Each structure stands twice: as structure tokens, then as C-alpha cells.
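> Here it is, the structure, as C-alpha cells.
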Amino acid sequence: KYMIKLSHIKKVYDTPSGSLQALKDISLTVEDGDIYGIIGLSGAGKSTLVRCINMLERPTEGTVEIDGQDLTKMNEAQLRSVRKNIGMIFQQFNLLSSATVYENVAFPLKLSGMAKKDIEKKVMPLLKLVGLEQKARQYPSQLSGGQKQRVGIARALASDPSILLCDEATSALDPQTTQSILRLIKKINEELGITVVIITHEMQVIKDICTKVAVIDHGVIAEKGSVIEVFMNP
Ligand code: ADP
Ligand code: ADP
């Protein structure tokens with residue numbers, strides 16, 4: 001059964017020097033339980049594509065279906081509720097620097113109006129899952145890059161999403177730290193049953209953990225399929 005279905009997505013940006021077609025005709029299906037990789041060079045349209053999945057960007061044309069619901073037909077209030085089901089992590093982590101690790105993970109729950117004691121019951125197990133239970137009172141500036149991304153992952157999981165979007169989530173990390181973050185993402189996929197979409201320009205990331213891949217080039221899908229079909233065949 002499919003989780004995310006993008007059909008004929010086009011995205012045109014209006015820029016001072018004219019209109020720019022970032023996505024031309026993108027269709028892809030992510031199934032429940034996939035770790036789906038989207039790879040391409042800088043400027044290929046990857047970030048635009050991942051932002052269309054949670055409607056941070058509205059596609060100019062096409063439909064985005066999640067669990068059978070078309071997000072392109074929804075208003076902002078409906079989208080806010082759907083977005084609770086979609087966690088996201090970023091290359092630059094996007095943590096609040098004046099908040100502790102605990103507060104960063106608690107933040108989305110606080111916004112949603114959850115009671116303090118319920119927030120605590122939620123946050124501490126998440127910090128344990130990502131291996132940071134000893135760091136709850138530290139600030140982001142006291143953490144390594146890998147630890148910051150672990151906070152980002154815990155925060156993304158706070159609202160119990162069924163989808164995790166990763167936008168160049170390991171691109172700011174050294175190879176060894178990248179491996180440990182990828183292992184954590186795989187564990188989240190396997191143990192929590194969360195469907196994962198990974199945007200990257202690094203082939204190794206795709207080969208290490210993705211089940212399927214789409215290669216994107218100048219706003220079109222050049223190739224897609226299982227990682228073995230796309231990369232291992234002559
Ligand atoms: P990637 O993530 O693969 O590097 P992007 O999706 O960021 O690619 O960008 C695809 C194209 O769209 C690029 O030419 C980029 O300059 C352009 N673009 C991205 N975001 C915007 C924006 N907000 N306004 C105008 N052009 C944009
Ligand atoms: P407030 O709602 O006033 O912001 P919180 O109760 O959310 O206060 O948090 C107060 C401080 O205690 C924060 O710095 C937070 O990091 C820390 N904190 C709260 N609960 C825990 C916990 N279970 N373990 C570790 N630190 C915690």
C-alpha cells in the first residue's frame with residue numbers, strides 16, 4: 001500500500017529574472033515502510049520536491065497524496081494537522097540555540113498544547129531512543145554535529161509521525177558520524193515502522209540504507225526503481 005504518491009508535479013518559481021521551472025513532471029510512489037532516496041546534483045530540484053511533500057511549497061500543478069488524501073486540495077488548517085504526521089530533519093539541524101536539548105524536543109508538543117507531565121513522558125523516551133538522555137539540560141552549542149542531528153530526529157519524532165523527511169540530513173557531518181545517523185534512521189524505520197524519504201547528493205547514503213531511489217536531474221526523474229536495479233546493473 002502506498003504512503004506518498006506524487007503525480008505530475010510541476011513547480012514554477014517567479015524570480016526577478018523571469019520564471020524558473022524547478023520541477024517539470026515528477027511522479028513517484030513511496031510505499032509504506034520504504035526508505036526512499038532522492039539523489040541529484042545541487043540545483044536539481046531535490047529540496048523543492050521534498051518541500052512539496054509536506055506543502056511547505058505548493059506545487060504549481062499535480063497532486064500530492066498521503067494515505068489517500070490529496071494535500072493540494074487542503075487549506076492551511078487541514079495542512080497543519082496533516083503535517084503532524086510528517087516529521088522533518090535538516091542539514092543545518094534548525095535547533096533553537098537558546099533552548100536546552102529537552103526544550104527543543106518538547107517545543108512542538110508545547111505548541112500543540114500538550115500537558116507538561118505528558119510532554120515529559122514523551123520527551124525522555126525519545127532522548128533515550130536517540131542516545132541523548134544524559135544531555136537533556138545541555139544547549140545545542142555544547143553538542144557535536146551528530147548529537148545536534150540526534151536532537152533534530154527526536155524533535156521530528158515527537159508528534160508520532162508515520163513519515164520522516166530528511167533534507168541533506170548528513171551533509172554537514174563527517175563520514176563516521178554520517179554512518180551513525182544513518183544507522184539511527186534505519187532503526188527508526190525498522191522498529192517504529194516509520195516511512196523515510198531521504199534527499200541527498202551522496203551516493204553512499206543511498207547505497208547504505210535506501211530500499212528505493214529516484215535520480216533527479218534538472219527537475220525531471222532520470223531514473224527510478226530499487227537501489228539494486230538502478231545502481232548495481234551494468
Ligand atoms: P536542490 O535541492 O537539488 O539543490 P532546489 O530544489 O533547492 O535544488 O532548487 C531547484 C531550482 O530551483 C534551482 O535552480 C534553485 O535556484 C531554484 N529555487 C529553489 N528555491 C527557490 C525559490 N524559493 N525561489 C526561486 N528559485 C528557487
Ligand atoms: P518551562 O515550561 O518553564 O519552560 P520545563 O518544565 O519545560 O519549563 O523545563 C524546565 C527546565 O528543566 C528545562 O531547562 C528543561 O531542559 C529541564 N527539564 C524538564 N524536564 C526534564 C526532564 N525530565 N529531564 C531533564 N531535564 C528536564
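Each reported figure results from applying straightforward, stated rules to the coordinates on display, with no laboratory input. None of these values were measured; they are calculated from a predicted model. Positions of Cβ are generated from backbone atoms using ideal geometry, with glycine treated the same way; all protein chains shown enter the neighbour counts.
> I'd like the full set of residues that are touching a residue at least 24 places away in the same chain (Cβ under 8 Å) and either buried (at least 18 other Cβ atoms within 10 Å of the Cβ) or more than 16 Å from ligand 1 (Cβ to nearest atom) (or both), limited to region 58-70.
Residues satisfying the conditions are P59, T63, V64, E65, I66, D67.
> Just to be sure, is G145 more than 22 Å from L192 (Cα to Cα) and either within 20 Å of the chain's Cα centre (by Cα) or of a type in the set (A, V, I, L, M) (or both)?
yes
> Can you pull out the residues in region 157-215 that are part of a loop (DSSP other than H, G, I, E, B), within 20 Å of I26 (Cα to Cα) and not hydroxyl-bearing (S, T, Y)?
Of everything in region 157-215, those that are part of a loop (DSSP other than H, G, I, E, B), within 20 Å of I26 (Cα to Cα) and not hydroxyl-bearing (S, T, Y) turn out to be E168, H201, C210.
> Which residue out of I119, I89 is without any contact (Cβ under 8 Å) to a residue 24 or more places away in the chain and within 25 Å of K148 (Cβ to Cβ)?
I119
> Applying the selection to region 110-137, what residues are more than 9 Å from ligand 2 (Cβ to nearest atom) and part of a loop (DSSP other than H, G, I, E, B)?
Across region 110-137, the qualifying residues are S112, G113, M114, A115, V130, G131, L132.
> Out of Q78, Q21, which single residue is out of contact with any Ser or Thr (no Cβ under 7 Å at 6 or more places or on another chain), surrounded by fewer than 20 Cβ atoms within 10 Å (Cβ to Cβ) and part of a helix (DSSP H, G or I)?
Step by step, each of Q78, Q21 is checked, and only Q78 is out of contact with any Ser or Thr (no Cβ under 7 Å at 6 or more places or on another chain), surrounded by fewer than 20 Cβ atoms within 10 Å (Cβ to Cβ) and part of a helix (DSSP H, G or I).
> Could you list, ordered by first residue, the pairs with Cβ atoms under 6 Å in which the first is in region 183-201 and touching a residue at least 12 places away in the same chain (Cβ under 8 Å) and the second is part of a helix (DSSP H, G or I) and basic (K, R), at least 6 apart or interchain?
Note: pairs meeting the criteria are I199/K46.
> Let me ask something additional. I need the full set of residues from region 197-234 which are more than 16 Å from ligand 1 (Cβ to nearest atom) and among the aliphatic types (A, V, I, L, M), in order please.
The answer is I209, V227, I228, V230, M232.
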